[in-house]
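The values are calculated or read from the model by the stated rules, or taken from the named source; none is laboratory data. Because the structure is a prediction, the values reported are computed rather than measured. FYI the Cβ positions are ideal-geometry reconstructions off the backbone, even for glycines, and counts take in every protein chain you see. When the accessible area is computed, the model is the full protein with side chains, heavy atoms only, and any ligands, DNA or RNA have been set aside. Shrake-Rupley method; radii C 1.70, N 1.55, O 1.52, S 1.80 Å.
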Amino acid sequence: EILYLMGARPVYLGQTTRVIGVEPIPMEELGRPRIDVTLRISGLLRDMYPNLIRLVDEAVACIAALDEDESQNFVKKHVNAEMRKLLDEGLSRQEAADQSTLRVFGCAPGAYGAGVSHLIGTRQWENYEDIADVYENHSSHAYSSKLHGKKLPDLFRRRLSQVTMTIKNESSVETDMLDSDDFYAYHGGLIASVRKNSGRAPIALTGHTDDPERPVLRDVALETARIMRTRVLNPIWLEGLKRHGFKGAQEISAAVDSFFGWDATAQAGRDWMYEEIAARYLFDNKTREWMESVNRWAVHAICERLLEAEKRGMWKAEPKTLDGVTQIYMRAEGLIEEELR
């Protein structure tokens, strides 16, 4: 996908599946401009697939060197502009050439994560720009055939300032973007950073390739709504979790936390989602009493997230709903205090 967006394709060794390089797709065959792509890779990909980092690096250099008009080759356009910028900043021609083609970034060598979920968890942030700052601090380490984790925050921010679309692909239907804080930490953090550096919210998509013959693209906000309706607010899902007692209630709380993280980073939440969470898990006496009996901490955590969202202006709560959540929160605190005595 990355190579195709750039207008390149892999070169295979004979009739084998071994990739030994890349080659440009002729413009006549491609039929569209070449699109510039920047990657934010995970620490796991960095450790396991250095060959893919080198392949992308080779592709950028190959496409940027083509004798084509910059209006049809955005990789070349941005590489040339970055080259001029770096030379003006005093870098040598070789250093400027090496850095202008950097398109792969991640966390520091030996480090993992994007820092966003920890920040959300500690509540030590005021707005999406604070989240973006943490994401950039963890993600601005460059990787190429010559560099291994050199921190270049200004260069990373300039790359993000030119991004108009973000995408994170998933190849399985067994997990979704509300299943783990990794999803909003990496992709949500990227969306926040692009918004901060470009001054506009990007088109944010999730790619689904569980069926390779039928890839699907979905808008992040619409995908959040789909998951809320089909899983998080689905009574069948709730009934299944009840069989798991403490862990089942914890899964509900974790889903609410992930939803909150997506709203904080990418503004993917809507008022009706918060209202429905309150109605399904707090105001339904049977469900809440079950949660209190197996894991009263989960009730407390859900209330905390809803109240935090309202306080931050992320949720314009109905007065009746807000009052009800506050009352249940106070009740949950009392139950927990009794448990700790």
Only one of (1) touching a residue at least 40 places away in the same chain (Cβ under 8 Å); (2) open to solvent by less than 60 Å² (accessible area, probe 1.4 Å) does not apply to residue 130, and that is (1)
Going by the conditions given, is residue 135 farther than 20 Å from residue 75 by Cα and open to solvent by less than 20 Å² (accessible area, probe 1.4 Å)?
-> yes
Taking region 151-165 and keeping only residues that are within 17 Å of the chain's Cα centre (by Cα) and polar (S, T, N, Q), one is left with 161, 164
Across (1) at pLDDT 95 or above; (2) open to solvent by 30 Å² or more (accessible area, probe 1.4 Å), residue 274 clears everything bar (2)
Filter region 290-341 for residues that are over 30 Å from residue 128 (Cα atoms) and open to solvent by 100 Å² or more (accessible area, probe 1.4 Å); the one that is modelled with the highest pLDDT is 331
